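Beneath this line is the structure, given in structure tokens, with notes to follow.
The values are calculated or read from the model by the stated rules, or taken from the named source; none is laboratory data. Quick caveat, the model's predicted, so the values are computed rather than measured. Cβ coordinates were reconstructed from backbone atoms using ideal geometry, including for glycine residues, and neighbour counts include every protein chain displayed. The protein model used for the area step is the full one, side chains on, heavy atoms only, and it has no ligands, DNA or RNA in it. Shrake-Rupley method; radii C 1.70, N 1.55, O 1.52, S 1.80 Å.
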Amino acid sequence: MSEERFGEFVLVRRHGDGHVAELALDRPKAMNAVSTAMARSIAAACAALGEDRDVRVVVLTSTHERAFCVGADLKERNSFSDADLLRQRPVTRGAYTAVLELPVPTVAAVHGFALGGGFELALSCDVIVADRTAVVGLPEVSVGVIPGGGGTQLLPRRVGAARAAELVFTARRVEAAEARELGLVDQLVDDGRDREEALELASRMAANSPVGLRAAKRALRLGHGLDLRAGLEVEDAAWRSVAFSGDRAEGVAAFNEKRAPRWPGE
């Protein structure tokens with residue numbers, strides 16, 4: 001396993017053959033509260049991972065034992081003028097967008113508190129694995145703002161408009177069992193197993209064609225919310241981008257020869 005640090009608060013680990021990359025939030029003294037500097041580091045790490053053709057899946061984790069991420073750094077913001085807050089907005093927004101727009105499948109590994117922007121980072125991933133200590137929620141209206149890291153758009157796409165409205169308007173925290181029941185998280189695992197289970201899931205994904213994975217994610221993301229006819233056109237465009245690839249030829253050959261594929265990644 002190799003490691004690379006982006007700024008002070010973000011650590012990227014590449015596992016095994018490098019096809020699974022772990023983006024670890026590493027600001028334990030602040031329970032991974034997202035400061036301006038940390039937001040810049042998240043965006044920089046995502047930019048590097050998105051350009052790395054060896055990376056097939058990204059897992060978003062936390063080094064803090066009791067929290068995934070507690071959201072925006074309100075202590076930092078307490079010192080801000082209105083102009084400071086306005087200047088910070090594109091930086092923090094860029095961090096959430098960078099996770100959301102990663103071109104490869106993403107898995108969030110959540111334990112403890114995932115609140116506000118912390119939960120929005122998880123919502124920006126394709127799959128959320130949580131252990132039974134997880135507590136999630138979007139409490140922004142309780143401090144006079146709204147979810148601004150994608151929460152008002154990503155949450156209703158997961159759980160429907162009415163359920164999202166109830167959760168956002170009450171600002172309530174949801175514990176792990178209910179979070180799984182409501183669809184706020186996708187897999188519920190034993191205490192302390194979120195990272196291991198997420199990495200295992202990522203390894204299963206990464207065994208597949210890197211060309212296929214990127215194209216499938218593109219079709220899923222671009223097609224979401226479109227009417228069926230338009231969505232099928234998005235799917236067809238993604239299919240055409242892989243149909244004549246080296247990965248498609250290798251996948252068919254490996255199937256017929258009853259062996260594991262050796263993906264060329266092109």
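From its DSSP helices (H runs of at least four residues, each -39,500 (n - 2.57)), the chain gives a residue-normalised ellipticity at 222 nm of -15000 deg cm²/dmol.
Between the Cα long axis of helix 228-243 and the first principal axis of the chain there is an angle of about 50°, rounded to the nearest 10. For A24, the amide hydrogen comes within under 5 Å of the amide hydrogens of L11, V12, R13, T61, counting only partners 5 or more places away or on other chains and with H modelled in the peptide plane. Using the Karplus relation 6.51 cos²θ - 1.76 cosθ + 1.60 with θ = phi - 60°, the per-residue 3J(HN,Hα) values for region 101-108 come to 9, 4, x, 10, x, 10, 10, 9 Hz, with x marking Gly and Pro. Helix 246-257 and the long axis of the chain differ in direction by around 60°, with both axes built from C-alpha atoms. Average accessible surface for region 169-266: 64 Å² per residue, computed with a 1.4 Å probe over protein heavy atoms with every protein chain in place.
Scanning the chain for trypsin sites (Lys or Arg not before Pro) in DSSP loops with at most 13 neighbouring Cβ atoms within 10 Å leaves 67-171 as the longest stretch between them.
Taking every C-alpha pair closer than 8 Å and separated by at least 6 residues, the mean separation divided by the residue count of the chain gives a relative contact order of 15 percent. Couplings 3J(HN,Hα) of region 208-225, computed from phi: 8, 4, x, 5, x, 4, 5, 5, 5, 5, 4, 5, 4, 6, 6, x, 5, x Hz, in residue order, whole Hz [Karplus 6.51 cos²θ - 1.76 cosθ + 1.60, θ = phi - 60°; x for Gly and Pro]. Of the GluC sites (Glu not before Pro) found in region 1-79, those in coil by DSSP whose Cβ has at most 14 other Cβ atoms within 10 Å are E8, E65. Of the accessible area of the chain, computed with a 1.4 Å probe over protein heavy atoms only, carbon and sulfur atoms account for 53 percent.
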